[in-house]
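The values are calculated or read from the model by the stated rules, or taken from the named source; none is laboratory data. All of these numbers come straight from a predicted model, not from anything done at the bench. Cβ sites come from the backbone with ideal geometry, for glycine too, and all protein chains shown count toward neighbours.
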Amino acid sequence: MKQLWILLLCSGISFASIENVNSFEADFTQSVTDDKNTTLNYSGHIIASKPQNAVWTYKKPIEKDIYINQYSVTIVEPEIEQVIIRQIESNFDFFMMIKNAKKTGENIYVANYKESKFTILTENNLIKSISYKDEFENDVKIVFKNQQQNIEIDSEVFTAKYPLEFDIIRD
């Protein structure tokens, strides 16, 4: 679950003056490297907006949609025709956390949340990447491209969509 919040956190940072981010959209690649130096690579698309809404659409290596709002996460896995709905803590405002990230160097910001430290690199006033260690001590790096920020986003994109015949698991 923490990983999903971390992904949500990462979705919102995109501008050199990151305190003014209200929405974000981009393609992403994500690599997760364990202590044996084995790396898993993912790619997809992210859309996020205030207050705490995001949709991560994973395209590779498998298709999966993750819908996140202030109170729940809905994971839609078409390949296994399954939907998982989980309640989450509601006291984490990732846009506020982004606003409070500290600039530590040219194009480098650091944000702390709970026990995690996120390193945010920007280029040409847009986020280039976010790196952190996850709860399993894996090194995670998310690289964004085709970024857009502070654009109008239809709130309907944050409503989970899936066929009614999928199995639904409430956790």
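Some notes on this structure:
- Any hit, segment 105-118, residues being over 19 Å from ASN20 (Cα atoms), assigned to a loop (DSSP other than H, G, I, E, B), over 14 Å from the mean Cα position of the chain (by Cα) and at pLDDT below 90: yes
- Only one of the numbered conditions (1) surrounded by 14 or more Cβ atoms within 10 Å (Cβ to Cβ); (2) under 19 Å from GLU123 (Cα atoms); (3) modelled with pLDDT of 90 or more is not met by ILE13, and that is (3).
- Scoring LYS161 on the criteria (1) crowded, with 19+ Cβ neighbours inside 10 Å; (2) under 16 Å from GLY44 (Cβ atoms) leaves a single failure, condition (1).
- Candidate set from segment 96-135 (those that are polar (S, T, N, Q) and more than 22 Å from ASN146 (Cβ to Cβ)); member that is surrounded by the fewest Cβ atoms within 10 Å (Cβ to Cβ): THR104
- Test: residue in segment 88-98 that is among the hydrophobic types (A, V, I, L, M, F, W, C), in a strand (DSSP E or B) and touching a residue at least 12 places away in the same chain (Cβ under 8 Å): no
- Within segment 30-48, if we keep just the residues that are among the polar types (S, T, N, Q) and either outside any strand (DSSP E or B) or within 11 Å of the chain's Cα centre (by Cα) (or both), the residue that is surrounded by the fewest Cβ atoms within 10 Å (Cβ to Cβ) turns out to be ASN37.
- Residue within segment 147-167 that is under 15 Å from the mean Cα position of the chain (by Cα), under 21 Å from TYR71 (Cβ atoms) and in a loop (DSSP other than H, G, I, E, B) present: no
- Residues in segment 114-171 that are among the acidic types (Asp, Glu) and in contact with a Lys or Arg (Cβ under 7 Å, 6 or more places away or on another chain): GLU135, ASP139, ASP171.
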